[in-house]
Amino acid sequence: MGLLAFYLAAVLLTVREDQTALRTGCEEGNEVVARVAAGTPLTIRFAVNGCYAVQAGEQKGYLPGAAVAGIEGWEAERRNARALDTPVGAAAVTRPAGADPLTLASQLIAQGRPGEALQLLEGELRKDPRNPILLAVAGMAAYRAGATARAVGYLKDAEAIRSDPSVAALLARAQREATADQGVQTLETTRFSLHYDPQVMPADVARQLAAVLEQEYTRISFELGCQTAERLSATAQSREAYLRATGAAEWSGGQFDGRIRVAVLEPAEMRKTFAHELVHACLAATGRWPAWLHEGLAQRLSGETLTPALRETVREAAKSGQLPPLQKMSQTWARLTPEHARLAYGVALYAAELFFAHHQDFGIRTLVRNPEYLDRIAEDIDRRMRQ
């Protein structure tokens, strides 16, 4: 594992030691479900008295807190959690005296606060300017904050001191985006830094688009009960520049990777596409969620509807056992073929429809606050799809 990948994994929720036993309970005598490698990312489903129900890849089981790296920060965040009606994703990160700045910065990046992380790291770099890990994580923070030129500089410096595959990959991506973004201008609003290409979008249209972004953000953050902690970076550019910058599949019109990037479309489609990516941004601020929930809610809340023909295709595939359970539809869909993408997005939208039809009383805001209920809800939706 490269320096950047290793460090970011180490400060999030991961397995501490190699071949850690994932069990059916937290007692030593409980059956071992699997042996998990050190550094494996974990999602905590719920916790009881120091025993954590987790998901590690496709495996579910229980671990004691001592087996989980990053558990102290998770517990602190849980203790400081606010009431259900308070938007999530904006609580200040506690900085205990003597805390490792790299750990704090990586937590900030993971929580959607790259600008704050970058400020912290740049202070550390003034004291230790040739630390390759500081430089690499600063590059990641700058990249997520939309400061692409600064990201390239930090990542180049990190690579020059100590070559690392993960740093090299991020550097290549940042350089590709910097090339595609030449000539863009920036418009700042309350919640967004909107980067636009004046060759394809006049300034007055950019101002109108910025207003649309603010409106959609207000609507979606209310629907989901979440908010981002910093200004979001959003880029609108020609389709050719969008594809060059992202390397996305031809069918893709928008992308969120900590920043929003979309291809310029007709006004109505632009609103819908930005709404779609804002759902991703809002959900990302609350934690880690599977792809089917991300894409289902993004389609539903951006106004997409399922055609009768596609709904029937999804139902027939579910009835005949051709679809995996929703819980297994967790990987990224960015590189799917057009045909597979159409079916996957259809499944996700149908799942979202079934959620709102049969779990409306529970509510999406409650689910965002209580992710331990997701598996049970997914199983119910799977069953309804097969009916």
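The values are calculated or read from the model by the stated rules, or taken from the named source; none is laboratory data. Since we're looking at a predicted model, the values are computed, not measured. Cβ coordinates were reconstructed from backbone atoms using ideal geometry, including for glycine residues, and neighbour counts include every protein chain displayed.
Brief remarks follow.
- Meets criteria (more than 21 Å from Leu232 (Cβ to Cβ) and assigned to a helix (DSSP H, G or I)) for Ala174: no
Here is a yes/no grid of residues against (1) touching a helix residue (DSSP H, G or I) at 6+ places or on another chain (Cβ under 8 Å); (2) more than 16 Å from Gly115 (Cβ to Cβ); (3) in a helix (DSSP H, G or I); (4) of a type in the set (Val, Ile, Thr):
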site	(1), (2), (3), (4)
Ala142	yes, no, yes, no
Gly146	no, no, no, no
Val152	yes, yes, yes, yes
Asp157	yes, yes, yes, no
Ala160	no, yes, yes, no
Ala168	yes, yes, yes, no
Thr179	yes, yes, yes, yes
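- Tyr143 being of a type outside the set (D, E, K, R), touching a strand residue (DSSP E or B) at 6+ places or on another chain (Cβ under 8 Å) and in contact (Cβ under 8 Å) with a residue 24 or more places away in the chain: no
- Residues of segment 112-156 that are among the basic types (Lys, Arg), over 19 Å from Phe256 (Cβ atoms) and out of contact with any Phe, Trp or Tyr (no Cβ under 9 Å at 6 or more places or on another chain): Arg126, Lys127, Arg130, Lys156.
- Matching option when the condition is surrounded by fewer than 21 Cβ atoms within 10 Å (Cβ to Cβ), touching a residue at least 60 places away in the same chain (Cβ under 8 Å) and touching a strand residue (DSSP E or B) at 6+ places or on another chain (Cβ under 7 Å), among Ala248, Ala229, Ala206: Ala248
- In segment 180-197, residue nearest to Tyr217 (Cα to Cα) [restricted to those that are exposed (fewer than 12 other Cβ atoms within 10 Å of the Cβ) and touching a residue at least 24 places away in the same chain (Cβ under 8 Å)]: Thr190
- Picking from residues in segment 154-163 that are touching a residue at least 12 places away in the same chain (Cβ under 8 Å) and of a type outside the set (Val, Ile, Thr), the one that is farthest from Thr246 (Cα to Cα) is Arg162.
- Residue within segment 288-297 that is under 22 Å from Tyr143 (Cβ atoms) and at pLDDT 90 or above present: yes
Residue-by-condition table, conditions (1) under 23 Å from Ala245 (Cβ atoms); (2) among the aromatic types (Phe, Trp, Tyr); (3) surrounded by 22 or more Cβ atoms within 10 Å (Cβ to Cβ):
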site: Asn131; (1), (2), (3): no, no, no
site: Arg144; (1), (2), (3): yes, no, yes
site: Ala151; (1), (2), (3): yes, no, yes
site: Pro165; (1), (2), (3): yes, no, no
site: Leu170; (1), (2), (3): yes, no, yes
site: Arg173; (1), (2), (3): yes, no, no
site: Thr218; (1), (2), (3): no, no, no
site: Gly225; (1), (2), (3): no, no, no
